[in-house]
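Taking it in order: structure first as structure tokens, then the write-up.
The values are calculated or read from the model by the stated rules, or taken from the named source; none is laboratory data. Since the structure is predicted, the reported quantities are computational estimates derived from the model, not experimental observations. A quick note on method: Cβ atoms are made from the backbone with ideal geometry, for glycine too, and the neighbour counts reach across all protein chains shown.
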Amino acid sequence: MLKYGFVLYVLLLNSILGAQNHENIKGLWKGRLTQYEGGYQELYDFEIYFNKTDSVIAGYTYLKAKQASGVIRFVGCYRGDTLHLVEKEVVFSQKPEGLSWCFKKLQLTINTIGTRQILKGHWQADSQYGSCIPGEVSVEKVKPRA
């Protein structure tokens, strides 16, 4: 009986902490996305905007590269302490012909350094031409201004 009580306690605590993480991610995060050697570009400007986060994590990513920029809608969820995002649909695209968007799957964790919140992790992706060369992401939460 004690064993089941402990398991229930851990599940409840995880649920509460998960809800706190959902509140903390809402808003704009700015930073960089890297792509390993052989990709279109090694370093990109990258932003994540989290919309409503009650029961579903959703929002938009923005990527700026040389001669290309785009906004892609995503959905996501927490699995333990890791935030998993999956890009679904291009909502804005400015790119050279023949270039295909990489629809990313991101695995991110929140790191707090003083008052700064940083999401860091890895990504993999597929485009209409096949697998994209993967990379890493690091974005910091932008504090709202009055």
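Filter segment 30-42 for residues that are over 14 Å from residue 123 (Cβ atoms) and assigned to a strand (DSSP E or B) and give the result. Listed by number, the list holds a single entry, 30. Scanning segment 43-56 for residues being surrounded by 14 or more Cβ atoms within 10 Å (Cβ to Cβ) and at pLDDT 95 or above gives a total of 6.
Applying the criterion of being in a strand (DSSP E or B) and of a type in the set (Lys, Arg) to the residues of segment 63-77, the residue that is farthest from residue 33 (Cα to Cα) is 73.
Take residue 99 and tell me if it is of a type in the set (A, V, I, L, M, F, W, C) and touching a residue at least 24 places away in the same chain (Cβ under 8 Å). Write out each step before concluding.
On the way: of a type in the set (A, V, I, L, M, F, W, C): yes; touching a residue at least 24 places away in the same chain (Cβ under 8 Å): yes.
It is true that residue 99 is of a type in the set (A, V, I, L, M, F, W, C) and touching a residue at least 24 places away in the same chain (Cβ under 8 Å).
Taking (1) surrounded by fewer than 12 Cβ atoms within 10 Å (Cβ to Cβ); (2) small (Gly, Ala, Ser); (3) under 13 Å from the mean Cα position of the chain (by Cα) in turn, residue 114 satisfies each apart from (3). Could you please let me know if residue 93 is without any contact (Cβ under 8 Å) to a residue 40 or more places away in the chain, surrounded by fewer than 17 Cβ atoms within 10 Å (Cβ to Cβ) and under 15 Å from residue 127 (Cβ atoms)? For residue 93, the condition - without any contact (Cβ under 8 Å) to a residue 40 or more places away in the chain, surrounded by fewer than 17 Cβ atoms within 10 Å (Cβ to Cβ) and under 15 Å from residue 127 (Cβ atoms) - is met. For segment 78-128, a residue qualifies if it is farther than 17 Å from residue 62 by Cβ, assigned to a strand (DSSP E or B) and of a type in the set (S, T, N, Q), and the qualifying residues are 82, 107, 109, 111, 112, 117, 124, 127.
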